[in-house]
Amino acid sequence: MQRILVDTTVWVDYFNGKSTEQVKRLVEFMERDETICLSPTILQEILQGIKSDKQYERIYELLFGYTILISDPLKSAIEAAQLYRNLRKKGVTIRKSSDCLIAWYAISHNVMLLHNDKDFEVMATHTSLQLI
């Protein structure tokens, strides 16, 4: 059984009822009872975007049924900053620093990342980030 970190971009499409290839993969992983993971950053990004209290409670309950990857916050911040800096040295600028934090979680926990964000594609060509 593989562990998959699912990025915010996929969760937002899933909750909005979109039928993207990534959402289809997420549903397949859910049906096969794969280990679906979130990072604190992904959890924050999802929850902060929910307007309705009722929907917030429903999604909160759903998300906490999955594996939350936990790492020391200070180490995570420093390593994500270093990842960003290393990419900049290679001429690559990532649009959102939170994506470096998400990528670092995937790399450090040795999980594959399911996403819908071009920045992760670029990061994967310059790092050990594994994408689905």
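The values are calculated or read from the model by the stated rules, or taken from the named source; none is laboratory data. The model shown is predicted, which means the values in this text are computed figures rather than measured ones. Neighbour counts run over all protein chains shown; Cβ positions are idealised from the backbone, glycine included. Ligands, DNA and RNA are stripped out before the accessible areas are found, and what is left, the full protein with its side chains, is counted by its heavy atoms. Shrake-Rupley method; radii C 1.70, N 1.55, O 1.52, S 1.80 Å.
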The range 11-132, accessible area per residue, ligands and nucleic acids excluded (1.4 Å, Å²):
58 Å²
Given the options LEU101, LEU114, LEU74, which has the most mean-square fluctuation in a GNM of the chain, springs set between C-alpha atoms less than 10 angstrom apart?
LEU74
Share of carbon and sulfur in the accessible heavy-atom surface of the range 54-97 [1.4 Å probe, %]
54 percent
Evaluate the Kirkwood expression for the hydrodynamic radius of the chain, namely the inverse of the mean inverse distance over all pairs of different C-alpha atoms, and round to one decimal in Å.
15.2 Å
Angle in degrees between helix 73-89 and the longest Cα principal axis of the chain, rounded to the nearest 10
60 degrees
Long-range amide H partners of LEU131 with built H, under 5 Å
LEU113
Compute the acute angle (0 to 90°) between the alpha-carbon long axis of helix 53-63 and the principal axis of greatest extent of the alpha-carbon atoms of the chain; round to the nearest 10°.
70 degrees
For the chain, what is the relative contact order in percent, using Cα pairs closer than 8 Å and at least 6 residues apart in sequence?
30 percent
Among 14-20, 49-55, 106-112, what's the highest-first ranking by average C-beta atoms within 10 angstrom per residue?
106-112, 14-20, 49-55
Folded to 0 to 90 degrees: helix 97-108 orientation relative to the chain principal axis, Cα:
90 degrees
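Expressed as a fraction of 2.2 N^0.38 Å, the rule-of-thumb size for a compact globular protein of N residues, what is the C-alpha radius of gyration of the range 1-74?
1.09
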